[in-house]
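The block underneath contains the structure these notes are about, expressed in structure tokens.
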Protein chains: 2
Amino acid sequence: MSTIRLILGLDPGLRHTGWGIVAQNGNRLSFVAAGRISPDSELPMAARLCLIAEELNDVLTAHHPEEAAIEETFMHKNASSALKLGQARGAAILTLAQTGLAVTEYAANRIKQSVTGYGHADKAQIQAMINMLLPGSGKLAADAADALAVAICHAHHAIPAALKVRA
Amino acid sequence: MSTIRLILGLDPGLRHTGWGIVAQNGNRLSFVAAGRISPDSELPMAARLCLIAEELNDVLTAHHPEEAAIEETFMHKNASSALKLGQARGAAILTLAQTGLAVTEYAANRIKQSVTGYGHADKAQIQAMINMLLPGSGKLAADAADALAVAICHAHHAIPAALKVRA
């Protein structure tokens with residue numbers, strides 16, 4: 001008998017919302033699925049947010065993760081892009097929470113440290129480490145790799161909120 | 001026979017989300033209802049966004065507005081508060097859009113102009129004008145008054161997306 005928990009990591013954005021699911025079995029992590037949601041930027045805000053919610057709900061229905069994690073707000077220099085990011089984040093967090101999923105936030109440098117061993121890794125280093133830590137994850141969009149990094153961070157830090165027992 | 005349309009105005013915020021509903025009958029506007037949603041600031045982000053969505057859904061169920069309007073993103077000096085506002089906005093816009101409501105955005109100065117005749121009115125002037133334009137609206141929280149101002153702006157500017165015919 002083994003105890004597996006499925007963790008959804010999320011990297012929300014209005015242009016691209018990355019998601020990734022990792023299975024944790026004791027100390028072992030394995031890749032389940034990852035992707036990104038990219039609403040047409042020509043659409044009105046409301047339609048873009050609906051699309052993020054809809055595709056995220058499809059991911060939840062397909063994989064049934066038990067826990068979710070997201071990168072903590074990083075400080076933007078630009079208030080206008082912070083507002084756009086906020087809207088995507090709000091829609092994504094609401095969608096997860098409405099299905100009863102607990103959403104844990106982690107600081108960016110803590111996530112990087114979980115994956116690469118230090119807090120200031122760049123995107124390319126994160127992608128390379130994701131491929132090493134999660135064999136089979138293949139070529140990933142940057143947002144999907146970041147989402148998997150959040151899921152790995154959660155696996156390393158969080159006390160399971162719910163354990164799924166599989167024979 | 002008269003043609004009435006019900007317009008929901010929204011002033012989203014993480015601490016307070018104001019809402020207000022106005023009935024338009026030809027050139028006449030009247031007050032229907034207004035209020036504000038104030039999630040406990042001690043709650044985690046996900047719970048606060050859920051509460052905004054939940055109470056907003058209660059408003060939609062109680063009043064069945066046909067159209068919705070919201071103030072356009074105003075530029076924040078502070079990226080951190082823009083991100084918080086964005087999350088509340090994202091959750092609110094998503095909630096409206098998921099029920100099929102069209103959400104129109106208006107610039108802040110256009111809203112002020114609709115209500116007070118000029119684009120740089122302060123909050124006290126807006127509240128006083130709301131009470132004059134919408135008899136019966138009574139003493140309003142600033143966020144609720146702002147939400148009614150958005151609804152009035154929409155009534156003045158938008159071509160009805162849907163007309164509700166009442167005997």
(request) Among what's in the range A:114-124 and is assigned to a helix (DSSP H, G or I) and free of Cβ contacts under 8 Å to residues at least 40 places away in the same chain, pick the residue that is most open to solvent (accessible area, probe 1.4 Å). (result) A:123
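Has the range B:22-43 got any residue that is within 14 Å of chain A (Cβ to nearest Cβ), open to solvent by 40 Å² or more (accessible area, probe 1.4 Å), out of contact with any Gly (no Cβ under 8 Å at 6 or more places or on another chain) and within 22 Å of residue A:84 (Cα to Cα)?
Let us first name the residues in the range B:22-43 that are within 14 Å of chain A (Cβ to nearest Cβ), namely B:37, B:39, B:43.
Now narrow it down to the ones that are open to solvent by 40 Å² or more (accessible area, probe 1.4 Å): B:43.
Next, only the ones that are out of contact with any Gly (no Cβ under 8 Å at 6 or more places or on another chain) stay: B:43.
From what is left, the residues that are within 22 Å of residue A:84 (Cα to Cα) are none.
No, the range B:22-43 contains no residue that is within 14 Å of chain A (Cβ to nearest Cβ), open to solvent by 40 Å² or more (accessible area, probe 1.4 Å), out of contact with any Gly (no Cβ under 8 Å at 6 or more places or on another chain) and within 22 Å of residue A:84 (Cα to Cα).
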(request) Determine whether the range A:100-112 contains at least one residue that is of a type in the set (Ser, Thr, Tyr) and crowded, with 16+ Cβ neighbours inside 10 Å. (result) yes
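Here are some residues: B:154, B:64. Which one is at pLDDT 85 or above and surrounded by fewer than 16 Cβ atoms within 10 Å (Cβ to Cβ)?
Numbers: B:154 fails: surrounded by fewer than 16 Cβ atoms within 10 Å (Cβ to Cβ).
Just one listed residue meets the conditions, B:64.
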(request) Run residue B:133 past the list (1) in contact (Cβ under 8 Å) with a residue 12 or more places away in the chain; (2) under 15 Å from residue B:11 (Cα atoms) and report the number of the one that doesn't hold. (result) (2)
(request) Please give the number of the condition residue B:147 fails out of (1) in contact (Cβ under 8 Å) with a residue 40 or more places away in the chain; (2) open to solvent by 20 Å² or more (accessible area, probe 1.4 Å); (3) away from every other protein chain (no Cβ under 14 Å). (result) (2)
(request) Return the residue satisfying two criteria in turn: it lies in the range A:128-144 and is in a helix (DSSP H, G or I) and under 14 Å from the mean Cα position of the chain (by Cα), and of such residues it is surrounded by the fewest Cβ atoms within 10 Å (Cβ to Cβ). (result) A:142
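Any chance the range A:101-115 includes a residue that's more than 20 Å from residue A:55 (Cα to Cα) and facing another protein chain (nearest Cβ under 7 Å)? Explain how you work it out, then say what you get.
Narrowing the range A:101-115 to residues more than 20 Å from residue A:55 (Cα to Cα): A:104-115.
Restricting the remaining residues to those that are facing another protein chain (nearest Cβ under 7 Å) gives none.
No; the residues of the range A:101-115 include none that is more than 20 Å from residue A:55 (Cα to Cα) and facing another protein chain (nearest Cβ under 7 Å).
Could we say that residue B:97 is more than 20 Å from residue B:20 (Cβ to Cβ), in contact with a helix residue (DSSP H, G or I) (Cβ under 6 Å, 6 or more places away or on another chain) and open to solvent by 10 Å² or more (accessible area, probe 1.4 Å) here? Show your work before the answer.
Values: more than 20 Å from residue B:20 (Cβ to Cβ): no; in contact with a helix residue (DSSP H, G or I) (Cβ under 6 Å, 6 or more places away or on another chain): yes; open to solvent by 10 Å² or more (accessible area, probe 1.4 Å): yes.
When the stated conditions are applied, residue B:97 does not pass them.
The values are calculated or read from the model by the stated rules, or taken from the named source; none is laboratory data. Remember, predicted model here, so these are calculated numbers, not experimental data. For neighbour counting, all protein chains shown are included, and Cβ atoms are generated from backbone atoms with ideal geometry for every residue, glycine included. With ligands, DNA and RNA removed, areas are computed over all heavy atoms of the protein, side chains included. Shrake-Rupley method; radii C 1.70, N 1.55, O 1.52, S 1.80 Å.
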